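First the structure, in the form of structure tokens, and then the observations on it.
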Amino acid sequence: MLRYILKRLGLAAITLFLLSVIVFGLSQLLPGNVARAVLGQFATQEAMDSFNHQVGADRPAIVQYLDYMRGFVQGDLGLSLASEAPVWSILEPAIINSLKLAALAFVIVVPLSILGGIAAGLRAGTGSDRSITIFGLSMSAMPEFVTGIILILVFTIWLGWLPVTAQWNEGAGPLTQVKHLLLPSVCLALVLFGYIARITRAGVIEAVDADYTRTAYLKGLPTRTVIRRHVLRNALLPTLAVVATQTSYLVGGLLIVEQLFNYQGIGLQIYLSAQQKDFTVLTSGLLLLGVLVLIVTLVADIAYGLLNPRIRFGSAE
Amino acid sequence: MDRDTRRFLEEFRRNEATPIENNLIDELVDGELDRTEFLRRGAMFGLSVGVMSSALGLVGEASAAPHGSFAGAAETVKVGGTARVGLAKWGGSLEPYKLAEAGSLGMSGIPGEYLTYSDNSNQIKPWLATSWKASKGATVWTFQLRKGVRFHNGQEMTADDVVANFKLYTGNKQSQALSIFEGILGPAGVVKKGRYTVEFRLKQATGAFPYLVSQTGYQLIIVPKSIKPDTWVKSGMIGTGPFKLKNFTEKRQYNLVRHDAYWGGRPPLDGVKVTAYETSTAMALALRAGQLDIVSAVSRLEAQPFIGNRKFRILQLPTAAHRQFTMRADDPALKDPRVRRAVALTINRPQLIEGLLRGAATLGNDTPFWTRYPSAASVAKRQRNIATAKQLLSAAGAQNLGFTITTHRLQELPDYAAAIQRYGKDAGIDIKIEVQSDAEYYGGGDDYYATTPWINKPATITEWGHRAVPNVYLTAAYASNGIWNAPHYKNAKLDAAIKSYLSAVDVKTQRKYSKEISAITQRDVPIVTAYHFVSVTPVAAKVRNFQLESINHVRLAKTWLA
């Protein structure tokens, strides 16, 4: 187990290095210029040259990259090219915000979609199965901004129950924060519900038809026990993998939802950095997301192995 | 007019008046200026209220002092409360000398103030400066500063602060204000003449100089001289405005509280909470949900659902803001002025305004002069004429004209390009459209001005903000050496007319040159200006004594909440 984790960590380091090279390379291809983004489209060439020199954006690209990586491995993310503020001071609140939103969305969508998928799988072909499947597909097919605007119209403008923006005032307590995050979380939950429920449903149908389930029934085990011990344990394995892959989306891929609910998450921050060609914030943001994805994947792999005794960590790769 | 008043006016003209001031009074007497325009220009050149009233009396007009800068409605003011303001998020800096976006202008303009104020009828009014005088020829301007103005840190504003600020604005290479002052004013020309007196020695005569230092000059906020460049926000955005910064989360939320020592009287509001919004849609939804009181920069379409809703009031303001549809005068397909004129004649401007902007615009006539500029000469209205367009194309041998319009994703710009494409078809013109991202459109290589699409593509559509006077449009977009001359149009006669216009101090001369400039631009059409925006913005019905500003400033000194 320890050897497996160390190997995965080694691979993660290589992945992060490659990610930094790719992000840096792509950021060089992005149109625009950090000085232009900061000083505006009407800034003179002289003003732009002066700004680029001031923040070091006029140095050769490889020098900028090596300087940045030297700091990164020492835990220093450097300064934003656009605002000259420490990168961590920009990314930290954004990541915390994103984790809060992802956590609430996760808490809502995972139990609901798994329960929906199990219910649909156990009643495959019935009206309730079709209702759950059609509802999930419809929600998945609907763009996030449409779902979001409908939720805002109903729960904020008509009913007046919830705030329209996800951003709370400074010093707000946990309950107030949850109140602000409820609409965007529900919006995300609706988008993901269909996908997770569908995978769960397919796993349940497959497990219900499996030989080991039939054997369990023939052994005389009660239905509830068969479902808990044999059906769900096998059916949820693919669901676990899907939930793990969606975590990175829930944390870093919520640009539309963050824009609509005016929420300062990491997705929006990365998008703004790319627009501004703020290489230090962009690369750090993506690398931190990469770290998060690798951690979640590692945890999911370990959980997968624990749930599935056929997997042996020594030969997992 | 009584004898004493007449004598007072005659003595003023004989003993005190500068040639410019005497000329103004002559223009009033000769009927060249009406009452409004006389008041506007009198204020611009620093005539006292007494002199202006006497001069108006001389021609039988009711005398009237210019409106107070912060005139309020006759309603009992309710003190207290916090106004919640939504602004468009900005990507760049809040440092005054770097201001370049609507949102950051709005934010910095709450704690910050300017020397003069150009009101919504284009009259120049005292603000941090109380009066100003031009030398003969308008090359030296002397400004008297308001006494007793306190910065948020308690320090008094003096000429030292103003001089330090203007030396930065005119001398720092990164100063956005260079777009105004390049060739007009350098750091050496900003001179302290007394504790409350500042002299601006210009490199070229500029009749509209008081407008250039108003809030429509965007960056020229007066801050304490002790604040070094790029430390204004960190220092707490110390200005002289009615509200001072209490705390903030960068580019997200700014809480301001009343500046009790405000020179203009105690502001009714306790404070202001500003939230920056990534999209105008989110901002409009927040207003609709009652979570904002005031918003800036929502589009005409986003304002539509508020019309007729009693919980909101709709404010409107005509502005000089416009789109420049440029055609390169050195492009093989477009270099013949007849071709460019033909393209301009295909555009159905009233239909465009109705279709794209639901009527929230005034007609443009392919000249740099918004019709509300007093200096705008009367010009022929540009009307759609497909027959003439075809004749012009035929005469130019361009019956198979085809070109590409490049623009970017901003508000109605892509739709405007599509409309031009559709109109062009009626005259047999094949127009293609390239819509770029903001970064692409305003991006560029090492030699920015030779590579950036918005200045180098054969035809472009670019947004231009409001200016109280057309000086920046003329010098930057139309002059042969203008740094933003996207059509690459060069015309020595136009340059001479622009120079004469800029240095003219009387409206008669300005109109003479504006007519000449308009005749050239309507004939050669380097730039099509089809419409000027009317800003349409909803605010919560409980907001009192608030008016829209032409460049997204949010002035709340006398605003209160019912």
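Does B:Gln204 satisfy being out of contact with any His (no Cβ under 7 Å at 6 or more places or on another chain) and within 14 Å of chain A (Cβ to nearest Cβ)? Criteria not met by B:Gln204.
Checking A:Leu175, A:Leu122, A:Leu115 one by one, the residue that is under 27 Å from A:Asn97 (Cβ atoms) and not aromatic (Phe, Trp, Tyr) is A:Leu175 and no other.
Here the condition is being open to solvent by 30 Å² or more (accessible area, probe 1.4 Å), within 14 Å of another protein chain (Cβ to nearest Cβ), of a type outside the set (Lys, Arg) and in contact with a Leu (Cβ under 8 Å, 6 or more places away or on another chain); of A:Glu170, A:Glu92, A:Glu144, it holds for A:Glu144 alone. Only residues that are surrounded by 15 or more Cβ atoms within 10 Å (Cβ to Cβ) and outside any helix (DSSP H, G or I) were counted in region A:147-166, giving 5. Can you tell me which residue is farthest from the other protein chains (Cβ to nearest Cβ) among those in region B:467-490 that are open to solvent by 10 Å² or more (accessible area, probe 1.4 Å) and within 18 Å of B:Leu317 (Cα to Cα)? Filtering first and then ranking leaves B:Val469.
Within region B:518-532, the residues that satisfy the criterion of being of a type in the set (A, V, I, L, M, F, W, C) and either surrounded by fewer than 24 Cβ atoms within 10 Å (Cβ to Cβ) or assigned to a helix (DSSP H, G or I) (or both) are B:Ala519, B:Ile520. Of all residues in region B:399-417, those that are open to solvent by 50 Å² or more (accessible area, probe 1.4 Å) have Cβ atoms under 6 Å from Cβ atoms of residues that are not in a strand (DSSP E or B), 6 or more apart or on another chain, in B:Gln399/B:Leu393; B:Gln411/B:Ser299; B:Asp415/B:Leu356. Can you give me the number of residues within region A:251-275 that are at pLDDT below 80 and buried (at least 24 other Cβ atoms within 10 Å of the Cβ)? The number of residues fulfilling the criteria is 3. Residue count for region A:219-265 under the criterion of being within 14 Å of chain B (Cβ to nearest Cβ), under 30 Å from A:Gln28 (Cβ atoms) and assigned to a helix (DSSP H, G or I): the result is 5. Strands (runs of 3 or more DSSP E) fully within region B:136-221 that include at least 1 residues being surrounded by fewer than 18 Cβ atoms within 10 Å (Cβ to Cβ) and of a type outside the set (Val, Ile, Thr): B:190-194, B:197-201.
Across region A:276-286, the number of residues qualifying as within 11 Å of chain B (Cβ to nearest Cβ) and either open to solvent by less than 20 Å² (accessible area, probe 1.4 Å) or touching a strand residue (DSSP E or B) at 6+ places or on another chain (Cβ under 6 Å) (or both) comes to 1. Residue under question is A:Ala47, and the condition is that it be within 13 Å of chain B (Cβ to nearest Cβ) and closer than 21 Å to A:Gln269 by Cα; does it hold? Against the criterion (within 13 Å of chain B (Cβ to nearest Cβ) and closer than 21 Å to A:Gln269 by Cα), A:Ala47 does not qualify.
When each of B:Thr407, B:Thr367, B:Thr326, B:Thr388 is tested for being in contact with a helix residue (DSSP H, G or I) (Cβ under 7 Å, 6 or more places away or on another chain), part of a strand (DSSP E or B) and at pLDDT 95 or above, the lone residue that passes is B:Thr407. For A:Ser83, the conditions (1) open to solvent by 30 Å² or more (accessible area, probe 1.4 Å); (2) at pLDDT below 90; (3) under 30 Å from the mean Cα position of the chain (by Cα); (4) over 21 Å from B:Trp90 (Cα atoms) are fulfilled apart from (4). In region B:79-135, the residue that is surrounded by the most Cβ atoms within 10 Å (Cβ to Cβ) out of those that are among the acidic types (Asp, Glu) and at pLDDT below 90 is B:Glu101.
Among the residues of region A:120-137, is any within 30 Å of B:Asn247 (Cα to Cα), part of a helix (DSSP H, G or I) and not small (Gly, Ala, Ser)? No; the residues of region A:120-137 include none that is within 30 Å of B:Asn247 (Cα to Cα), part of a helix (DSSP H, G or I) and not small (Gly, Ala, Ser). Checked against the criterion of being open to solvent by less than 50 Å² (accessible area, probe 1.4 Å) and within 14 Å of chain B (Cβ to nearest Cβ), the candidates A:Val34, A:Val109 yield just one match: A:Val34. Summed over region B:228-259, residues that are of a type in the set (A, V, I, L, M, F, W, C) and either surrounded by 24 or more Cβ atoms within 10 Å (Cβ to Cβ) or at pLDDT below 95 (or both) total 6. Scanning region A:66-80 for residues that are more than 12 Å from chain B (Cβ to nearest Cβ) and either open to solvent by less than 20 Å² (accessible area, probe 1.4 Å) or in contact with a Leu (Cβ under 9 Å, 6 or more places away or on another chain) (or both) returns A:Tyr68, A:Gly71, A:Phe72, A:Leu77.
Filtering region A:121-141 to residues that are within 26 Å of the chain's Cα centre (by Cα) and surrounded by 15 or more Cβ atoms within 10 Å (Cβ to Cβ) leaves A:Ile132, A:Thr133, A:Phe135, A:Gly136, A:Leu137, A:Met139, A:Ser140.
The values are calculated or read from the model by the stated rules, or taken from the named source; none is laboratory data. Model, not experiment: these values are computed from the prediction. Because the Cβ atoms are built from the backbone with ideal geometry, glycine has one as well, and the counts that use them run over all protein chains shown. SASA here: full protein model, heavy atoms, side chains in, ligands and nucleic acids out. Shrake-Rupley method; radii C 1.70, N 1.55, O 1.52, S 1.80 Å.
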